[in-house]
Structure formats: structure tokens, C-alpha cells
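Notes for the one structure printed next.
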Amino acid sequence: MTSTTFSPKAGGFCQVFRSSFRQIRGVALLYTALLTVTFPLLLALSLAQVSAAPYSLIEERSRRAMEYLNGALYFTLPAFLWTFTIVFAVSLFHYLQNKRSVDLYHALPIRRETMLLGRVCAAFASLAVPFVVLFLLSLAIAALFGVQMQWTYAPEAGCAVGPLFSKLLFSLLNTLAFLCLVVFFLVCCGTVFDAAVSAIAFCGGLPLLLLLCSEYVHIALAGFGSHNIPLIVYELTNPLVAIPVMFQTGTMEGTSPALTVWMLIYAAICLALSLFLYRKRRSEAAENAFAFPLPRIIIRFLVSACSGLLLGFLVKSLAPGFPMPISVLIGAFLAHLAVEMVYNRGVRGLWKATPAYGVCAALFLVFTLICATGAFGYTYRIPAVDDVQAVEVTDVVGHNHKVSLFTQSDLGPNTYLSSYEILLGEPENVEDAIALHQSVLDSLRARGPLLPVTNDADVSFRYILKDGSVMTRSFSYSLVPESFYDETEALNTLEENVRNTIDCFYISADSFNSIFLHTYYDDTMDAVPLDEADRADLLQALQTDYLAGADSDTVWDDSSVILDLLNVSNLQYSSYQLRATLPEDSILFSLPEYDVPEGEPLFLNADSYALDAQTFPNTWACLKELEAEGKISFPEEGTNIG
Amino acid sequence: MIEVNHLTKRFGSVTALDDISFQVESGSIFGLVGSNGAGKSTFLRTASGVYKPDMGWVAIDGFKPFENTAVKGKVCFISDYPYFPRTATIEDMADLFSHTYPGWDKDLFQKLCACFPLDRKQRVNNMSKGMQRQAAILCALGARPTHLLLDEIFDGLDPVMRQLLKRILSGEVSERGMTIVIASHNLRELEDICDHVGLFHRGGVVFDRDLDDLKLGIRRVQAVFRPLPERSAFDCFDLVTLRTQGSLVDFVARGTQEEILAKLETLHPIFSEILPLTLEEVFISEMEAAGYDIDNILS
């Protein structure tokens, strides 16, 4: 017997496209009407109002157009594009979920690939064409109102077309990716209900599972601290994560090109999978729950795992003594039964998939056991002193008044570098830090072979190794020995640490031009300018006191004298934002996050110094000398004008 | 020609077609009969390329139809409940068929439209069941297929339309050599039009035979004997069934009228009569002979 396949009829694709378009033209009309209101109509009204105002400026119109179009693009993606993607996809592919319609369409001399591609193209064209045309029309309307167009964004410089087109392209590709994902589930499932449930479970379940898993590892594996999975990983899971991503980078700049390309790749993967599975799909799967078992298995796993972990965290917060793995397994089992009941439309065959649950439960317990025993030495690993370039000990309770550096680009938001609590690089100091780390590990070993599931990690040891890698181990307060706080304090007062972490060591006399002396309740006095020599003396005195072990935190009370260093001539930033100056041998240069381009200005947020004569004798004396010279005046101690 | 070779189709644990083999000659009208769930519709869907066989194959003019657009372009399938998109009119369906079936004949379609009193601009889903079936027939015939697969096509059609359809189908077979397979429970309708029939039961083919051979080669005999001969006296007949009621013997036997009469004379009946069998009676007899419980087979 000969088995031959022939090329589809030349007009097959066009016919599928045309008939599909005809099928959804009514809804497409509604979609176009809604977009028309959103884009050109409201923009025209808005610009007309601005133009009608007396002394209307082109800059104001440009700003209004830019803001409106930018906001409309954000709004349109979830409100219209995603909504109508679902409507169009279900309208065009529900034939797969109906035995009668399958009889018609699968008997037609059209290849399945052609059928699927024609319908996907019709749906996407119905979504994209009105969107693009109306967006271009909006730009044309903006131009008619005299809005200045330019390609790149600059504050107060007109309507930036480039970023808008970037977002438009992202929205289109995101819509395409979402469409292909929905089509994938419609191909995999036998009913629209199952496809909808599966798509929702997949889109919500996968990012949620990533989040919950990272949180679980964070508390189950002693030493593991970096529970913040990079956003890019969430973005990879599905197109619906794009909205928070877009809002997070919600500036007037364009969307990340990498993310835009990923949307295209995502769409291609979903489409390729849909085509492959559609060829394999049995027509008789219509009106059955699933055409292929794999999606059902994946969804069941996602929902069960998420539900189990959510219940686990809930029980842990309500009854911390209850073993979390048990509550996770109970929650997962209940969710597993619920999913089976939904997919089976009842309790029939409910227990068939129990072995699959058993396998997952066993894997989860094995994983928990691995975590509880230190994950093959992960928890107990500690670097050799010779391998360490610098070590940062982070104690979230720690002290304030630590340096917090940032850069500020003219075009973008602040880029913060780390703020440091304990930062050491000299070998003998690194050795002390490692000894502190070792004391924590000894305390863990003393607990027995199994480590408990704890709360959030509080204390972190972050080693920057000489080979450029970074090793971080974080521990909950409940796991550290009692002596830990005293030993932390010893590290905290090391001279190197004071130089590395207190902000007054990162500024020079040029960084500020005035001081502001006041009390907690009385801040009515004015800032006083000082000459360079006085500023240098004051800074020197402050640094000397800190090196001698002064701690501003211990001085704070309602009547303390508070010193602020200000740069009142700072036009771009606040008076409290001072230009930072890094010594050439600064340890910051060896830190991975210190990647500020050469010449980029570096700033810090200056904190207030609470002073008294005992704790800050040099600073106090310096200020008193300035008072004696009549250059400044002290606030009245204990003044309360509140 | 449609060749079916060890065709098996399963739906989960249910075997709808179980290793069936037969042929449908080109230019013939083949009637598929059988009980509910016998596998008639499954066979039509497999032959039209909607279903993929699990084992064996079905071939249209030597080629398998599944995902074979060239073969599907020559085959039209009208299911027992024809489907039309929600807003589709007959013109929309004609447009779809005209762009997908290579043999679409616009003139024939126009001619057929004149025969079937349907509003081509009305939504098909708003039409009655019979009218929807007519719409499906219109489009299928307009595509000028070489093979037409019809599932319960006479359901819902009024007598006039049934006659019209039979005439059109006969014309297509005689003029163009179209091969038609009709699955139906309505044996009376099939008897009028089919030249070949196949009986499906529980996924298997009980038999497939030329209708004339089937009808002419089997006779029902009613005869009165006094005294009643022994049961073994009737062994000379190729018996299908035999019943006695008092002195009346009622039996169905294979053979020509002349052969049966000659054998009957030797038994000296007081009265005898040879009756023609309807297709339904032929099937019931054959099924009984095959040992099937007829009450549960033919609905």
C-alpha cells in the first residue's frame, strides 16, 4: 500500500484565513471600536483640550501625547489584546472541541498545518492590524496638533517615537506569544473548559511555583540565601508576566530588546509545538478532557505543588511547630484530588493518578531530606582565607548610618550599589569573619544530623573570592549561636570596617558646603555655610571619632544635637545627596556590583549624626570652636517646639 | 475503489472497528447497515480521513486518506449531524468548498440549488434538520467528488426529497461513476438505491454482498404438510431459518426459485408458496443464520 502525502491546495491557506476572518469579523469590529476610542479619539480630545488652553506650549502637548500613548500601550495589552486573543482563539479553534465540527474540518482537503496556521494568522491579523493602524493614526493626529516627534526619549524634549514603537512591537509579539500559548492548550485539550483551566493553571502556576520553590529552598536549606529568582526567569515562563515587567521598567524608555525577542521565540516554540501536536491529535479527542496526557500531568503537578507549598507556608505561619513537609504533602494531595475531579468531571477514576502523586511526594521528601542534611555539603562549605578577596557580613538588624552608594543617570532611575554593614578585605579581618561563619556552622552541627525548616534567613556571609566568583551563605537567627551578636559587634568595630562602611569616609570637604545643627524637635534653624578649611576640620574630627569607636546610634534621644552635612547648592539632587569620593585603594573596586563606568558621578544619601561630647569628643570640640568663632550656633539642648 | 484491509479503530478500551476487510467497487452504491454502535460512522470517518486507523488501512483509489489532501479532494463526507459554522450561509459554505475542493463545479451547484428549495443567504444553523441536510448535500455534490460518504443521509428528509436525492445519486453513479457509501438504519431506502450492502456488527463485518445476489439467492417458503415430514427431510434445502407451526412450515432457504420448487415438490406439500424477501427480512434471516440475536441487532 502506498502512503502518499500531497502538498496542500494552493488556495488552502488563503481560504482558511479568509473564512476564519469572516468567522470573527463581528468581534473584530467591536475590538477595533474599543481601540479607536482608546487611541486616536481620546488622544485627540486630550490634545485638543491642551491646545485650547491659553499660552499652550508645544512642549506641553508633546509631553501629554507621550504620556498618553505610553499609558495607553500599557493599558491596551491586558485590557484588549489579551482579552480578545482569548476570544479570537476560542472562536477559531473551538472546532477542535466539537465532534461535529471536526467531521467537517478534518474531512476537508486542507492539511492540518495549513488549517492551524491560517487560523492563527487570521486571529493575529485581526488583533495586530487595527492596533498598528490606530496607533499610527494617533501619531498622525499628534503631529497635526504640532507635537514634536523625535526618535529617542529625553525629558522635556517632545514625543519619543522610538520607545513607543519599541513598546508597540513588544505588545504585538507578546500578544502573538499569548495567542500561540492559548492555541497550544486548545490543541492539547478536548474541551474549551479544560483548555481554559489548563492555560490559567499554567500561566499562573509556573511563576508561582518558581516563587514558592525558591522560598521553600530558602527556609529548608540552611545557608541558601539568594531566594530572589531573577525576574528574567519569571519572564521566560509565559507572556502574562510581561505586564509587571513592563511596569517595573515603566519609564518612557522602550522595552528590553531581549525580552521582545524572547516573546518571538516563545511564540515560535508554542506554534511549533501546536503544529506538531495537531498533526498527532486524534480527531476523536474532541469533547474529551485531553488530547494528550502530558499537559494534564504538568497542570496537575503545578497545581498540586503550588497548593501544597501555599498550605505549607500558611500552616507554618499559624502553627510554626507543625512539620512543614507534612502540611505541604497534605495540601498537594488535596489539590491533586481536586484537579482530578475537575478533569474527570467527578470522582470516577479519581485514584488512577495516585501513583503519580506518590512519586512526586517521594521526590519532595527526598529533596527535603537532602536540604535537611546540608545538600551534600552545601551548607557547611566555607572558603579558605587565602581565596577570599573581601567578605561582607549582613545582619538585617544591623546598625544604620552605613554608606549607601548610588549613581544617577540623567536618563534613568537611580542605580543603587549595595549598602554595606560589615565589609572586610584585610586577611586577618577576613579570618575573623570566617571564624564567625565557622561558629555558626559548629552550632548547626551540634543540632544533630537533620536541620530544621527555619524562618527567613537573616544573617549572610558573602565572600568575593579571588577567582571573581561570589559565595553567599545565609542563616536564620534561630540557627546562630548566642555568642554570634557579640562577635558580630567585634567585626563591626574593626577599623577597616569603619572605614569601609561609614558614610563620612566616602566624602571629602568638597562634597558639602553647609552644615545644619538642630535637635530632633527643633529643626527651625538655617543651614550654615562653612569655608573649606572648617569643613575639612569637621570631617576629620568626625572620622577620628568613628575610628575611635563612636556610634551615632547610641547617642540618639529627643534632646541630642544632630549634625547634617548638606550641599545646598546641589541643584539636581536633594541637599542631603552628597557626591561620594572613593579612595583609590577602596575595597569597593574589588566587589562585583561595583561596575560604575569611569567618570560616572557617585552619590550617597547623607545621614544625620547625633552627637554628644562624650561619644564624639573631637567633633563636639570642633563644633564648639566654630560656635566660639561665631560661625555657627548650637541649638538649645532639650528644646521642644513640637 | 475503496479497499479496507484489516482495519482496526479503537477508542480507549472500546474497539469500534475490529480487523475488518472488504472492498467497495468504483461506480457502485454501497449500503452500510448494522446496529447502533456497530462501527458504521467510525468507518465513514476513517475512510474520509477524519480518523486515523490504529491498525490496517483504508485506501481510496490506492491511497490512504488521512492527512492526504489529494485523496480528500476527491472524497466528500456528510456526517449524521452535519456541522455548519455559527454564522455560515449556504453561500459561505459553497465558498469554502469551492476554494478547497479541486473539482468544485459552480454550474452543477447552481443547478442543484434550483432543485433544492433553500435560501442561500440564510444562516444554515437557523434551518430545519432536513434543510441543513439538503445544504450539506448541495455543497458535497457541488464539489464533484469521486467518492461520497453519507451517514444517515435520509434522516429528516421528506419523501419528495428522498426520491430526489436517490435520483441525483443514481445519476452521479451512472453518469460519472461516482462511488457512494451510505450508512443507514433505513433498509427500505437502501434497498431502492444500493447495489451492494455490508452488514456491520460490533466492529466486525458480518458479510458484504451484492444486493441482487442477496435478494435473488434467498427465498422464503411457506408450505402446509399433512403429515408433517421429519426435520431431516428439509436438509436438502440450503436452509437459513426454519420454523414450524402446526402443519405449517415457514423457512428461508438459499437457492433459485426453480431449485427450491423442485426440492419442495419431492416433499408433497398440500399447499406451498414462495415469497420474495425484503432487505430487512434478508438481513434478519442472515443474521439469525449467523447466530446473532436479531432482537438486539437491527433497530
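Couple of notes before you dig in:
- Helices (runs of 4 or more DSSP H) completely within region A:464-559 that count 1 or more residues being out of contact with any helix residue (DSSP H, G or I) (no Cβ under 6 Å at 6 or more places or on another chain) and farther than 22 Å from A:Ile422 by Cα: A:532-547
- Test for A:Leu604: is it within 39 Å of the chain's Cα centre (by Cα) and not in a loop (DSSP other than H, G, I, E, B): yes
Every residue, every condition in (1) β-branched (Val, Ile, Thr); (2) touching a residue at least 24 places away in the same chain (Cβ under 8 Å), yes or no:
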| position | (1), (2) |
| --- | --- |
| B:Val197 | yes, yes |
| B:Val221 | yes, yes |
| B:Thr241 | yes, yes |
| B:Arg254 | no, yes |
| B:Glu265 | no, no |
| B:Ser272 | no, yes |
| B:Thr278 | yes, yes |
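- Unique residue being buried (at least 21 other Cβ atoms within 10 Å of the Cβ), more than 25 Å from the chain's Cα centre (by Cα), within 20 Å of A:Ala220 (Cα to Cα) and not small (Gly, Ala, Ser) when the list is A:Val315, A:Val328: A:Val328
- When B:His99 is tested against (1) at the interface with another protein chain (Cβ under 7 Å from one of its Cβ atoms); (2) closer than 29 Å to B:Leu190 by Cα; (3) outside any loop (DSSP other than H, G, I, E, B); (4) not aliphatic (A, V, I, L, M), just one condition goes unmet, and that condition is (2).
- Positions within region A:120-136 being more than 15 Å from A:Leu181 (Cβ to Cβ), out of contact with any Lys or Arg (no Cβ under 9 Å at 6 or more places or on another chain) and touching a residue at least 24 places away in the same chain (Cβ under 8 Å), in sequence order: A:Cys121, A:Ala125, A:Ala128, A:Pro130, A:Phe131, A:Val132, A:Leu134, A:Phe135
- The set of residues in region B:79-132 that are small (Gly, Ala, Ser) and without any contact (Cβ under 8 Å) to a residue 60 or more places away in the chain comprises B:Ala88, B:Ala94, B:Ser98, B:Gly103, B:Ala114, B:Ser128, B:Gly130.
- Qualifying residue in region B:55-74 (condition: assigned to a strand (DSSP E or B) and without any contact (Cβ under 8 Å) to a residue 24 or more places away in the chain): yes
- Boolean, A:Phe6 is within 13 Å of chain B (Cβ to nearest Cβ) and at pLDDT below 85: yes
- Look at (1) part of a helix (DSSP H, G or I); (2) more than 9 Å from chain A (Cβ to nearest Cβ) and you find that B:Thr8 fails only one, number (1).
Conditions (1) more than 11 Å from chain A (Cβ to nearest Cβ); (2) among the acidic types (Asp, Glu); (3) in contact with an Asp or Glu (Cβ under 8 Å, 6 or more places away or on another chain); (4) within 15 Å of A:Leu108 (Cα to Cα), marked per residue:
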| residue | (1), (2), (3), (4) |
| --- | --- |
| B:Ala59 | no, no, yes, no |
| B:Val75 | no, no, no, yes |
| B:Lys121 | yes, no, yes, no |
| B:Gln134 | yes, no, no, no |
| B:Pro145 | no, no, no, yes |
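Yes/no matrix, rows are residues, columns are (1) facing chain A (nearest Cβ under 7 Å); (2) touching a strand residue (DSSP E or B) at 6+ places or on another chain (Cβ under 6 Å); (3) not aromatic (Phe, Trp, Tyr):
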| residue | (1), (2), (3) |
| --- | --- |
| B:Ser13 | no, no, yes |
| B:Ala16 | no, yes, yes |
| B:Val24 | no, yes, yes |
| B:Lys40 | no, yes, yes |
| B:Ser48 | yes, yes, yes |
| B:Phe84 | no, no, no |
| B:Ile90 | no, no, yes |
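- Within the set A:Phe135, A:Phe124, A:Phe39, the sole residue that is at pLDDT below 90, in the same structural domain as A:Val197 (by TED's automatic domain parsing) and of a type in the set (Phe, Trp, Tyr) turns out to be A:Phe39.
- In region A:171-205, the residues that are over 15 Å from A:Ala89 (Cα atoms), crowded, with 24+ Cβ neighbours inside 10 Å and hydrophobic (A, V, I, L, M, F, W, C): none
- Count - residues of region B:91-119 that are over 25 Å from A:Arg111 (Cβ atoms) and of a type in the set (Gly, Ala, Ser): 1
- Test: residue in region B:115-123 that is more than 25 Å from the chain's Cα centre (by Cα), surrounded by fewer than 20 Cβ atoms within 10 Å (Cβ to Cβ) and assigned to a helix (DSSP H, G or I): no
- Subset of region A:84-114 [under 30 Å from B:Lys64 (Cβ atoms), surrounded by 24 or more Cβ atoms within 10 Å (Cβ to Cβ) and more than 9 Å from chain B (Cβ to nearest Cβ)]: A:Leu92, A:Phe93, A:Leu96
- In region B:206-223, the residues that are more than 16 Å from B:Thr266 (Cβ to Cβ) and assigned to a strand (DSSP E or B): B:Val206, B:Phe207, B:Asp208, B:Arg209, B:Asp210, B:Ile218, B:Arg219, B:Arg220, B:Gln222
- Odd one out for A:Asp395 among (1) touching a Phe, Trp or Tyr at 6+ places or on another chain (Cβ under 9 Å); (2) under 21 Å from A:Leu444 (Cβ atoms); (3) at pLDDT 90 or above: (3)
- Matching residues, region A:327-365, being of a type in the set (Phe, Trp, Tyr) and modelled with pLDDT under 85: A:Tyr343, A:Trp351
- Selection over region B:249-266 of residues that are surrounded by 14 or more Cβ atoms within 10 Å (Cβ to Cβ), hydrophobic (A, V, I, L, M, F, W, C) and over 28 Å from the mean Cα position of the chain (by Cα) gives a count of 4.
- Complete set of residues in region A:206-238 that are farther than 22 Å from A:Cys371 by Cβ and surrounded by fewer than 16 Cβ atoms within 10 Å (Cβ to Cβ): A:Leu231, A:Ile232
The values are calculated or read from the model by the stated rules, or taken from the named source; none is laboratory data. Fair warning: this is a prediction, and the values are worked out from it, not measured in the lab. Cβ coordinates were reconstructed from backbone atoms using ideal geometry, including for glycine residues, and neighbour counts include every protein chain displayed.
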